[in-house]
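Contents: one structure, followed by commentary.
Nothing in this text is a laboratory measurement; each read-out follows from the coordinates by a stated rule. In this text the structure is predicted, and so the values were computed from the model without any measurement. As a convention, Cβ positions derive from the backbone with ideal geometry for all residues, glycine included, and neighbour counts pool all protein chains shown.
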Amino acid sequence: MTLVVAGSLLAGCSTQGADGGSSRRTGSPAHTASPEAAAPPSGGSSATPAFTPDADLVPRTSKDGQDLVDSVVFTPGDWGRGFVAQNPAASTPGTWAVLDDNCRWEREKLPRGVLASLSRYSRLPAGAGKGAVRVTAAATAHSFALGADEQLSTTLEEVLRCPEQRPRADERITGLNSLGTPFGSREQDYADDSVLESGQYLGKGGKAQPYLWMVARLGTVVAAVSVTGGQGHTPEELQKLGSTALGQMLGRVQQRLKGK
């Protein structure tokens, strides 16, 4: 699956918004880039879906939802050579990340209508004159497409409400911008909806680093990746890493839900 990431966001031309941290639930230059993964949703359901799953294969129970997200979400080895698990390596089962009134990310019990949610955290250690890269892969299975669509809408609204967010006590995401792109637009043809966010990550005592958050919905499933790059990694390199991962995860969703 090939995804096209809209370039205006990273150039700072889009609406300013907020990005989630490495535990979120679940940008690019002025020209349009074409990595292998797509940019996230606009929050509105498209009249024609990007993919029509086999109704008999769509998860209806928490177990089915958990099986799906387990198979979709990238492990460290899926990201490429040299990637290892962070600590913690994955989110707490039965929870998802929620942005509170103080723009801090907290994990809460899954609400009704959400079957399962999983985030896995990986990193590429510093080396060869380059800083470390931290990545997150996440997927959420909803009972209905409307719930998944609302998750995308909320993602856009959170950026406007919290242009600066705190994924953890000693971390900040600042200067957030957000761009929503529905299926059928010139920019994307890989998901029912997609949202792309970019900003700067600030860790304890560290320098600002580029931060990307890419989210996409196929039916009742929302997939997402985040990428935080250290010194020496170009924006294009980080964008390709994230978009390729998201594209492959969406491909896994289709493989699990397509009929024979």
Using just the C-alpha positions of the stretch 130-186 as equal point scatterers, what log10 of I(q)/I(0) does the Debye formula give at each q in 0.31 1/Å?
-1.21
So how many Lys-Lys pairs in the stretch 15-257 land under 20 Å Cα to Cα, not counting same-chain pairs under 8 apart?
4
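List the chymotrypsin sites (Phe, Trp or Tyr not before Pro) within the stretch 56-161 that fall in a DSSP loop (any state other than H, G, I, E or B) and whose Cβ has at most 14 other Cβ atoms within 10 Å.
Answer in residue order: Phe144.
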Just order 252-258, 50-56 by mean Cβ neighbour count inside 10 Å, highest at the front, would you?
252-258, 50-56
Cα gyration tensor shape for the stretch 15-257, rounded if a/c is under 1.5, else prolate or oblate:
rounded
Cα-Cα separations in the stretch 118-260 greater than 19 Å, expressed as whole percent:
53
For Ala90, enumerate residues with amide H under 5 Å from its amide H, sequence gap 5+ or separate chain, H modeled in the peptide plane.
Tyr121
Ordering of 57-63, 158-164, 245-251, 133-139 by burial proxy (mean other Cβ atoms within 10 Å per residue, highest first)
133-139, 245-251, 158-164, 57-63
